[in-house]
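Have a look at the structure below, then the notes.
The values are calculated or read from the model by the stated rules, or taken from the named source; none is laboratory data. These figures come from a predicted structure and were not determined experimentally. Neighbour counts are summed over all protein chains in view; Cβ atoms, including those assigned to glycine, are modelled from backbone coordinates with ideal geometry. Accessible surface is based on the protein model in full, side chains and every heavy atom, while ligands, DNA and RNA are left aside. Shrake-Rupley method; radii C 1.70, N 1.55, O 1.52, S 1.80 Å.
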Amino acid sequence: MIESRPEFDKITSFDEFNKYYWYHEELSQICKSLGLEYRGTKQELNYIIEQYFKGDLIKKSSIKNEKKQVETITLDTPLLECGFSFNTHFREYFSILTDVSPFKFTADMATAWRKVKRENDLSFTIQDMLKVYYGKSDYAKYDNSVCQWNQFLKDFCADEVSCNYSNKIQVAAILWKEVRDSKNKKVYSRELIKKYEDKIEDYHK
């Protein structure tokens, strides 16, 4: 059986909260119920909840996009002052800067941009974003555990053995928790079903 997890309002510290696995949708709902910003990646929502336990409430962003468009964009231009977005105009601009065509924004760049907006960071420039692209900046890193879980679930469901279970997602989540908390590779293999059979037998058809 799954380890019982308390309701969020019974949890008294971030350390306690962090002991349990939460899905992205659950984190979003928790933030929403607290009147906090509820959009973003798991990493960002976790950060918002961590701040909540510290007494710092990160409210839902009510700022409308009043984009100040500067005439000429240079490497020193702050992102928040040039109407930056992941559109064709900036894709072409970065294509010229990097000599890469077609240019594609990376997951780290997307994470950095969300952080800039969340923290209203007026000092973060085009040059800084370029450093993120080249992997020369630790300003923000994309949390790839979400991708790992999605792949794990996909691989589990693709295995014909998964048809023997009534709730595939629940079984995959139980196996994922074991893998995630271990030092092993975060990938699905049929060996996991044998290894943790006692934890998933309740879902056997």
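Taking the Cα atoms only, what angle lies between the long axis of helix 42-53 and the longest principal axis of the chain, rounded to 10 degrees?
90 degrees
Based on Cβ point charges of +1 for Lys and Arg and -1 for Asp and Glu, what charge dipole magnitude is obtained for the chain about its Cα centre, in debye rounded to the nearest 20?
The dipole magnitude comes to about 200 debye.
In the calculated pair distance distribution of the stretch 122-205, what percentage of Cα-Cα distances lie above 18 Å?
The calculated P(r) of the stretch 122-205 puts 51 percent of pairs beyond 18 Å.
Using only the alpha-carbon atoms, what does the stretch 73-187 span along each of its principal axes? Please give whole angstrom values in decreasing order.
That gives 58, 29, 23 Å along the principal axes, largest extent first.
What's the Cα-based Rg to Rh of the chain, Rh via Kirkwood?
Checking Rg against Rh, the ratio lands at 1.05.
Under 19 Å from the Cα of Lys195, which aspartates and glutamates turn up, not counting those fewer than eight places away in the same chain?
Lys195 reaches Glu3, Asp155, Asp159, Glu160, Glu178, Asp181.
Can you return the aspartates and glutamates within cross-link range of Lys136? Criterion is Cα-Cα under 20 Å, with same-chain partners fewer than 8 residues away left out.
List returned: Asp76, Asp99, Asp108, Asp121, Asp128.
Heavy-atom accessible area per residue, the chain, 1.4 Å probe: how many Å²?
63 Å²
If you find the alpha carbon centre of the stretch 18-47 and of the stretch 106-138, how far apart are they in angstrom?
Between the Cα centres of the stretch 18-47 and the stretch 106-138 lies a distance of 22 Å.
Considering the zone a paramagnetic label at Val187 would reach in this model (a point 7 Å from Cα along the Cα-to-Cβ line), which residues of the stretch 149-163 have amide N under 16 Å from it?
Answer for this model: 149-159.
Just list whichever of Lys19/Lys154; Lys117/Lys177; Lys42/Lys205; Lys117/Lys186; Lys141/Lys199; Lys32/Lys115 have alpha carbons separated by over 23 Å in the model shown.
Correct reply: Lys19/Lys154; Lys117/Lys177; Lys42/Lys205; Lys117/Lys186; Lys141/Lys199.
Round to a whole number: what % of the accessible area of the stretch 16-127 belongs to carbon and sulfur, probe 1.4 Å?
It is 49 percent, rounded to a whole number.
When the helices in the chain are scored as -39500 (n - 2.57) per DSSP H run of 4 or longer and the sum is shared across all residues, what 222 nm value do you end up with, to the nearest 500 deg cm²/dmol?
My calculation for the chain gives -13000 deg cm²/dmol from helical runs alone.
Compare the peptides 172-178, 19-25 by average per-residue count of other Cβ atoms within 10 angstrom and give them in order, highest first.
172-178, 19-25
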